[in-house]
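Inspection log for the structure reproduced underneath, given as structure tokens.
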Amino acid sequence: MNISLENIEKYFPEGCTEEEKAKIKTQFYKELALKMHEFYKGKIQILPKAGLYGFNWFNVWYTPGVSSVSTTIRDEQDRSFDLSNRGNLVAVVSDSTRVLGDGNCGPAGGLGVMEGKAYLMKYLAGVDGIALCINNRDENNKPNADKIIDFVKMLQPSVGAVNLEDISQPDCYKVLDVLRKECEIPVWHDDAQGTACVILAGLINALILAEKKIEDVKIVLFGAGASNTTVAKLLILSGANPSNIVLFDSKGGLHKNRKDVENSPEFYIKWELCKKTNPECINDIAEGMRGADVLISLSQPGPDTVKPEWIKSMNDKAIVFTCANPVPEIYPYAAKEAGAFIVATGRGDFPNQVNNSLGFPGILKGALMCKARQITDGMAIRAAQSLAEFARKRGYHADKILPLMDEHEVFPQVAADVAMQAIKEGVARVNVCFDEVYNTTLYDIQQTRKTIDLMMNNDIIKEPSSEMVTEIFNKVVKSIVK
């Protein structure tokens, strides 16, 4: 029997435990990914979008005709957004120092992830992306944040926005803050802002279902890297009481007595949160979890990072987001067994995927369409609200708090809401109406999918053999199920 990825659960051996199923899926996707990336030599290519109706059309697309494009942009630089692909192009920039849960993978190590971001941008929102992994190491192989900043600043004239990705802390804080202030195009750190945006969206709906209010709940944030510090920031801006928030890093709770953070100026964002949150100066995670309403974990991959007994000590109708990849800090079935009411992870093969893939395609599309100069915190919060509203309108419950990635209408909705917020806040170069952004985004999505379908149906994109997929699956099953 050949394996179909769309119904993979039905191929598990009889008597397979939930933990074994989770391990099989994780290992199978990893091994299949390696084989498929080798098969296709990556997953992104560059194709013309203008036709060639005869050989003389080269005189239009290149010299001598294209000279008029150059001189027009010379006289008005912003015309580059309309006369080139700049207006729909995002650079996905990384130094590959913190690639998913795999850490520092060397300058080229992040290419698979960056191409993946570009693939999602195109398929989900019709945005073109280019993967740019850079070598910012010095002679001692130490990464230099200033080199990323300089690179992005020099890159600005060629792209409409920049998506920063997989940059280790503390460099990620400085890089984002400097570039947001000093660039004339949006600079978005998806590991931080994107993750925070989608988590906020999921939490909005989870709190409604749990009949709790954000200003009243006790929230524990396990992990205090770029993602969770940004989550904390957006939660506070959205009404959460800082006194009810406790963050934990590898050394314990963040609070006003953490001299190690105070004396590390490069961790200035963590120090700001030390002063605002955890007034009781709780240091122990088990203590912090007692009586908590919400756990948001962006820590080390599990499945034993978050303990069941911690969840058992939480309040009734506990909300548990365990978002480490590729393996959540605790598997959803174990969190539910420990008493969690709503459980979310970063993975699409479990219910409630709080993955930034739901957010960044629409957010970037909306910013591009109004030619925004930046993506503000207000735009990120509006995107979160848009995601939550979409889920409520189509129907939501404890195992479906967010839109799914295959609900393609959500991305035009987010794009339009973000563009309207940019105009409201005065960071847009042009005024566009909601319907224009929505309809254009929807059209671009449909065109992208028609193009991919056309190439697949005509064997331009070749389908891998089902026998190959099945062989990998069976090999993984044998290695896990004894």
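The values are calculated or read from the model by the stated rules, or taken from the named source; none is laboratory data. These numbers come from a predicted model, not from an experiment. Neighbour counts are summed over all protein chains in view; Cβ atoms, including those assigned to glycine, are modelled from backbone coordinates with ideal geometry.
Rundown of residues vs (1) closer than 25 Å to G101 by Cα; (2) assigned by TED's automatic domain parsing to the domain that holds A201; (3) not small (G, A, S); (4) not in a helix (DSSP H, G or I), yes/no style:
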| position | (1), (2), (3), (4) |
| --- | --- |
| W271 | yes, yes, yes, no |
| K275 | no, yes, yes, no |
| A286 | yes, yes, no, no |
| M314 | no, yes, yes, yes |
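Conditions tested, residue by residue: (1) part of a strand (DSSP E or B); (2) in contact (Cβ under 8 Å) with a residue 40 or more places away in the chain; (3) over 30 Å from V320 (Cα atoms); (4) in the same structural domain as V320 (by TED's automatic domain parsing).
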{"residue": "P403", "(1), (2), (3), (4)": "no, yes, no, yes"}
{"residue": "V414", "(1), (2), (3), (4)": "no, yes, no, yes"}
{"residue": "A419", "(1), (2), (3), (4)": "no, yes, yes, yes"}
{"residue": "V437", "(1), (2), (3), (4)": "no, yes, yes, no"}
{"residue": "T440", "(1), (2), (3), (4)": "no, yes, yes, no"}
{"residue": "Y443", "(1), (2), (3), (4)": "no, yes, yes, no"}
{"residue": "Q446", "(1), (2), (3), (4)": "no, no, yes, no"}
{"residue": "R449", "(1), (2), (3), (4)": "no, yes, yes, no"}
{"residue": "I452", "(1), (2), (3), (4)": "no, yes, yes, no"}
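Considering every residue within the stretch 416-426, establish whether at least one is touching a Gly at 6+ places or on another chain (Cβ under 6 Å), surrounded by 15 or more Cβ atoms within 10 Å (Cβ to Cβ) and aliphatic (A, V, I, L, M). Looking through the stretch 416-426, at least one residue is touching a Gly at 6+ places or on another chain (Cβ under 6 Å), surrounded by 15 or more Cβ atoms within 10 Å (Cβ to Cβ) and aliphatic (A, V, I, L, M).
Can you tell me which residue among D406, D399, D435, D453 is modelled with pLDDT under 95, out of contact with any Lys or Arg (no Cβ under 8 Å at 6 or more places or on another chain) and of a type in the set (D, E)?
Working: D399 fails: modelled with pLDDT under 95; D435 fails: modelled with pLDDT under 95; D453 fails: modelled with pLDDT under 95.
Sole residue among the options that is modelled with pLDDT under 95, out of contact with any Lys or Arg (no Cβ under 8 Å at 6 or more places or on another chain) and of a type in the set (D, E): D406.
The C-beta contact set for the stretch 344-367 (first residue closer than 19 Å to Y119 by Cβ, second residue in a helix (DSSP H, G or I) and of a type in the set (K, R), distance under 8 angstrom, 6+ apart or interchain) comprises D349/K25; F360/K117. Look at the stretch 271-297: where a residue is within 14 Å of I219 (Cα to Cα) and a partner is among the polar types (S, T, N, Q) and crowded, with 23+ Cβ neighbours inside 10 Å, sitting 6+ places away or on another chain with Cβ atoms under 7 Å, you get L273/T229; I296/N228; S297/T322. Of the residues making up the stretch 337-356, just one is buried (at least 20 other Cβ atoms within 10 Å of the Cβ) and assigned to a helix (DSSP H, G or I), namely N356. For the stretch 52-61, the count of residues that are of a type in the set (A, V, I, L, M), within 20 Å of V327 (Cβ to Cβ) and modelled with pLDDT of 95 or more is zero.
No other residue among A201, A192, A224 is crowded, with 20+ Cβ neighbours inside 10 Å, aliphatic (A, V, I, L, M) and part of a loop (DSSP other than H, G, I, E, B) apart from A224. Does at least one position in the stretch 64-80 carry a residue that is touching a residue at least 12 places away in the same chain (Cβ under 8 Å), closer than 20 Å to Y119 by Cβ and not β-branched (V, I, T)? Within the stretch 64-80 (the criterion being touching a residue at least 12 places away in the same chain (Cβ under 8 Å), closer than 20 Å to Y119 by Cβ and not β-branched (V, I, T)), the answer is no, since none of the residues qualifies.
Just to be sure, is N315 in contact (Cβ under 8 Å) with a residue 24 or more places away in the chain, under 26 Å from V187 (Cα atoms) and surrounded by fewer than 24 Cβ atoms within 10 Å (Cβ to Cβ)? Criteria not met by N315. Within the stretch 149-164, restricting attention to residues that are touching a Cys at 6+ places or on another chain (Cβ under 9 Å) and buried (at least 17 other Cβ atoms within 10 Å of the Cβ), the residue that is nearest to D82 (Cα to Cα) is Q156. Of all residues in the stretch 110-117, none satisfies being without any contact (Cβ under 8 Å) to a residue 12 or more places away in the chain and over 18 Å from L47 (Cα atoms).
Residue check: is D459 outside any helix (DSSP H, G or I), more than 15 Å from A372 (Cβ to Cβ), free of Cβ contacts under 8 Å to residues at least 24 places away in the same chain and not assigned by TED's automatic domain parsing to the domain that holds C370? Steps first, answer last, please.
Details: outside any helix (DSSP H, G or I): yes; more than 15 Å from A372 (Cβ to Cβ): yes; free of Cβ contacts under 8 Å to residues at least 24 places away in the same chain: yes; not assigned by TED's automatic domain parsing to the domain that holds C370: yes.
The answer is yes for D459.
Please work out if E165 is over 17 Å from the mean Cα position of the chain (by Cα) and either among the charged types (D, E, K, R) or modelled with pLDDT under 95 (or both). It is false that E165 is over 17 Å from the mean Cα position of the chain (by Cα) and either among the charged types (D, E, K, R) or modelled with pLDDT under 95 (or both).
In the stretch 196-218, the residues that are more than 14 Å from S386 (Cβ to Cβ) and in contact (Cβ under 8 Å) with a residue 24 or more places away in the chain reach residues that are part of a helix (DSSP H, G or I) and among the charged types (D, E, K, R) with C-beta atoms within less than 9 angstrom, at least six apart or across chains, in these pairs: A196/K233; I208/R392.
Can you find a residue in the stretch 295-312 that is modelled with pLDDT of 95 or more, of a type in the set (S, T, N, Q) and under 26 Å from A210 (Cα atoms)? So far as the stretch 295-312 goes, yes, one or more of its residues are modelled with pLDDT of 95 or more, of a type in the set (S, T, N, Q) and under 26 Å from A210 (Cα atoms). Only residues that are under 15 Å from I296 (Cβ atoms) and out of contact with any strand residue (DSSP E or B) (no Cβ under 6 Å at 6 or more places or on another chain) were counted in the stretch 324-344, giving 2.
Filtering the stretch 226-251 to residues that are within 22 Å of I311 (Cα to Cα) and in contact (Cβ under 8 Å) with a residue 60 or more places away in the chain leaves S227, N228, V231.
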